[in-house]
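Colleague: Encoded as structure tokens, here's the structure I'll be asking about.
The values are calculated or read from the model by the stated rules, or taken from the named source; none is laboratory data. These numbers were taken from a predicted model, which means no experiment stands behind them. Note that each Cβ is placed from the backbone with ideal geometry, even for glycine, and that neighbours are counted across all protein chains shown.
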Amino acid sequence: MAKYTPPEQSRALQIVDIIFLLVAIFVALWLPLKMKLAGAAKEIDKIDNPTWENLKQSPAQVVQWEKLGFDPAKAHDVIQSHFHYNIDWTALIVMTVVLVGYFVFLFKASDREYREVIDEKFGSNK
Amino acid sequence: MAMSEAASGTPVERVSLRRVLGPVQIWALGVGIVLVGEFTGWNFSADKGGSLAALIVCWFCGLLYTCVAMIDSEVTSTVAAAGGQYAQAKHIVGPLMAFNVALYLVFAYTMLEVSDAILAGDLITQVGTENGAVGLNHNPFLVLCIMVLVWLNYRGVLMTLNVNFVITALAYASILVLFFSVQPWSQGVVLKLGDMITPSNALPYGWIGVVAAFQFGIWYFLGIEGTTQAAEEVRSPARSLPFGTMAGMITLLIAAALTWYVCASLLPWQQLGVTFFPLYDAATLTGSPVLKLLLFWGTVLSAVASANGCINDAARAWFSLGRDRYLPTWFSAVHPKYRTPYRSILFLMPIAIAFVFIADLNQAITFSILSGVLHYTFMSINILMFRNKWPLGSIRRGYTHPFHPLPAILLFLLCAVTFVGIFLGYGSQLIAMVIFYVIVSLWFHFYRYKYVRRGDQFTMPWPKPRGY
């Protein structure tokens with residue numbers, strides 16, 4: 001295979017590439033935060049007039065809560081905040097398809113590029 | 001080998017990274033990055049599934065990372081080049097995969113650095129407020145922490161990792177002192193495991209909570225694979241890298257077990273699951289001001305050591321991308337005096353500073369974990385391809401990991417379970433991040449790749465891979 005000579009990239013295009021990457025990084029990381037998509041939903045199962053008894057804390061646990069500066073009212077939100085896990089199968093299938101599709105594309109496209117690398121380094125079998 | 005190029009891509013000088021590191025610095029790099037995971041982050045797995053779930057995922061994630069360390073040691077002891085797994089992917093899978101792996105590394109380490117800065121800043125602010133300081137704001141501490149460490153990294157790798165060795169050792173010692181101070185051999189005196197974990201609260205969400213807990217269980221050990229980033233600066237990579245990585249993994253397995261035992265025995269699981277400072281809280285519960293002060297410093301030092309190692313690793317991955325023209329060659333400059341990839345170090349700093357202000361601790365941790373798990377999935381396939389393209393005996397390996405392909409299969413299955421765990425809490429973020437990787441992959445494959453010199457991507461003195 002003939003040695004491939006890449007074009008030189010101008011200074012201006014290098015700056016364009018850097019800006020593209022910066023924007024992509026910020027959009028990928030910041031957008032889910034901005035759209036409040038990040039984080040699992042926890043719900044507080046409220047108890048009126050909380051006491052250590054109705055918060056189901058044993059005497060030993062109460063001692064530790066109090067050493068940390070909590071009373072039942074202050075500890076209520078921490079103790080009663082719960083996940084309610086349920087699997088959304090459609091979303092799980094979408095996530096699986098996106099992930100598998102990504103890796104399949106990655107390995108196939110990489111292999112195409114890798115063959116060019118190997119051909120130039122070692123010579124082609126063809 | 002390493003070359004700095006002007007923005008035009010014209011070589012102007014040949015300055016290589018300096019080979020100055022030994023196994024001690026490799027251990028410090030790996031453990032330094034990860035140890036902060038014992039001081040914060042792992043405990044969010046208790047929130048997802050209870051204290052017992054946090055222990056179960058500690059074991060399984062320990063297994064996952066033992067597979068990572070074994071696989072990584074074999075490949076890295078053979079492919080010793082800056083960029084670690086990036087260089088591995090380039091030689092074994094192909095340029096596009098290498099580009100993605102480098103981005104996984106940069107994201108995982110930069111977001112870990114963000115988490116470290118948030119932890120240090122929040123703890124300093126909280127302790128300051130407890131001691132009477134009024135109107136303390138954590139923002140200056142966050143920025144100061146990142147800027148000082150960037151300066152340290154700019155000045156030189158040996159000094160950076162020697163500092164890491166000292167502060168990591170001190171942070172680790174604080175965990176050991178706490179462990180032996182609470183008389184772990186006498187349950188009921190200080191520790192009350194049987195009272196904190198009961199049959200009714202051990203697994204409050206059942207087994208689905210255990211799967212969900214995998215998301216943060218990763219945090220016990222995330223980053224140990226960073227040892228390979230310094231491959232090009234190690235005096236004897238075939239010996240130092242496997243030794244430093246394995247020693248680091250053993251150190252961390254011990255620390256994780258001690259940390260869970262002390263924290264789960266002192267904190268009610270609901271508080272354990274939400275606190276940012278589980279070891280500091282555990283020290284507070286002993287009633288000893290000395291232990292409290294010790295764990296304050298242990299937490300701050302572990303965060304600083306981790307951020308320090310993360311800046312080092314993220315910059316080297318970014319530098320490697322520039323050097324191979326996967327990114328503008330401007331990033332591939334080596335400092336003529338300090339011999340560090342200074343432009344990459346400086347470029348990533350504002351990104352880290354921006355995210356300490358816009359993300360909270362568990363969001364930053366999740367960003368880091370997402371890239372980490374994508375990375376480990378790659379590693380499980382990479383080792384299979386490595387053994388297939390260059391079977392044992394065809395090239396010289398510094399280390400050969402046992403039981404192949406069991407560690408690779410196990411690693412792949414544990415990554416799959418972790419993806420489900422992430423889906424249960426942060427599925428939208430996972431999809432957003434994968435879409436990002438798809439977009440930049442298309443950008444690379446159809447546009448950027450034209451600037452890459454094909455034959456230069458394979459630099460190892462190996463025979464042609466089998467099947468090509």
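Colleague: Let me spell it out: the conditions are (1) at the interface with chain B (Cβ under 7 Å from one of its Cβ atoms); (2) more than 16 Å from B:ILE92 (Cα to Cα); (3) of a type in the set (Phe, Trp, Tyr), and A:TRP89 meets all of them except one. Which number is the exception?
Modeller: Going through (1) at the interface with chain B (Cβ under 7 Å from one of its Cβ atoms); (2) more than 16 Å from B:ILE92 (Cα to Cα); (3) of a type in the set (Phe, Trp, Tyr) one by one, A:TRP89 breaks only (1).
Colleague: To continue, here is another question. Let me spell it out: the conditions are (1) in a helix (DSSP H, G or I); (2) more than 28 Å from B:LYS450 (Cβ to Cβ), and B:ALA133 meets all of them except one. Which number is the exception?
Modeller: Only one criterion is unmet by B:ALA133, namely (1).
Colleague: Can you name the number of the only condition in (1) modelled with pLDDT of 90 or more; (2) surrounded by 15 or more Cβ atoms within 10 Å (Cβ to Cβ); (3) within 23 Å of B:LEU291 (Cα to Cα) that B:LEU176 fails?
Modeller: That leaves (2) as the condition not met.
Colleague: If I go through segment B:256-309 residue by residue, how many of them are among the hydrophobic types (A, V, I, L, M, F, W, C) and either in contact with a Phe, Trp or Tyr (Cβ under 8 Å, 6 or more places away or on another chain) or within 14 Å of chain A (Cβ to nearest Cβ) (or both)?
Modeller: The total comes to 21.
Colleague: How about segment A:101-126: which of its residues are within 7 Å of chain B (Cβ to nearest Cβ) and farther than 17 Å from B:PHE444 by Cβ?
Modeller: Listed by number, the residues that qualify are A:ILE118, A:GLU120, A:LYS121, A:PHE122.
Colleague: From A:VAL78, A:VAL104, A:VAL63, grab the single residue that is surrounded by 10 or more Cβ atoms within 10 Å (Cβ to Cβ) and either in contact with a Pro (Cβ under 6 Å, 6 or more places away or on another chain) or more than 30 Å from B:ALA202 (Cβ to Cβ) (or both).
Modeller: A:VAL104
Colleague: Just one of B:ALA28, B:ALA108, B:ALA54, B:ALA102 is among the small types (Gly, Ala, Ser), part of a helix (DSSP H, G or I) and in contact with a His (Cβ under 8 Å, 6 or more places away or on another chain); which is it?
Modeller: None of the others qualify; the one that does is B:ALA108.
Colleague: Hey, does segment B:389-410 have a residue that's within 11 Å of chain A (Cβ to nearest Cβ), free of Cβ contacts under 8 Å to residues at least 12 places away in the same chain and charged (D, E, K, R)?
Modeller: No, segment B:389-410 has no match at all.
Colleague: Among the residues of segment A:60-74, write down those that are facing chain B (nearest Cβ under 8 Å) and not in a loop (DSSP other than H, G, I, E, B).
Modeller: Answer for segment A:60-74, where residues must be facing chain B (nearest Cβ under 8 Å) and not in a loop (DSSP other than H, G, I, E, B): A:ALA60, A:GLN61, A:GLN64, A:TRP65, A:LYS67.
Colleague: Checking the condition without any contact (Cβ under 8 Å) to a residue 40 or more places away in the chain, in a helix (DSSP H, G or I), among the polar types (S, T, N, Q) and surrounded by 12 or more Cβ atoms within 10 Å (Cβ to Cβ), which residue from A:GLN14, A:GLN9 passes?
Modeller: None of the other options fit; the residue is A:GLN14.
Colleague: Would you point out which residue out of B:ALA364, B:ALA359, B:ALA352 is at the interface with chain A (Cβ under 10 Å from one of its Cβ atoms) and either without any contact (Cβ under 8 Å) to a residue 40 or more places away in the chain or buried (at least 24 other Cβ atoms within 10 Å of the Cβ) (or both)?
Modeller: B:ALA364
Colleague: Suppose we keep only residues that are without any contact (Cβ under 8 Å) to a residue 40 or more places away in the chain and surrounded by 14 or more Cβ atoms within 10 Å (Cβ to Cβ) within segment B:443-467. Which one would you say is farthest from the other protein chains (Cβ to nearest Cβ)?
Modeller: Per the criteria, the residue is B:TRP443.
Colleague: Have a look at B:VAL290, B:VAL274 and point out the one that is of a type in the set (Val, Ile, Thr), in contact with a helix residue (DSSP H, G or I) (Cβ under 7 Å, 6 or more places away or on another chain), surrounded by fewer than 22 Cβ atoms within 10 Å (Cβ to Cβ) and more than 15 Å from B:GLY62 (Cβ to Cβ).
Modeller: Result of the check over B:VAL290, B:VAL274: B:VAL274.
Colleague: Working only within segment A:47-59, note down all residues that are at the interface with another protein chain (Cβ under 10 Å from one of its Cβ atoms) and not in a helix (DSSP H, G or I).
Modeller: A:LEU55, A:LYS56, A:GLN57, A:SER58
Colleague: A further question follows. Looking at (1) within 7 Å of another protein chain (Cβ to nearest Cβ); (2) more than 30 Å from B:ILE439 (Cβ to Cβ); (3) among the charged types (D, E, K, R); (4) under 32 Å from the mean Cα position of the chain (by Cα), which one does A:ASP77 not meet, given that it meets all the others?
Modeller: (1)
Colleague: Oh, and also: If you take the residues in segment B:413-442 that are more than 7 Å from chain A (Cβ to nearest Cβ) and free of Cβ contacts under 8 Å to residues at least 40 places away in the same chain, which one is nearest to B:GLY62 (Cα to Cα)?
Modeller: Taking the candidates together, the pick is B:LEU413.
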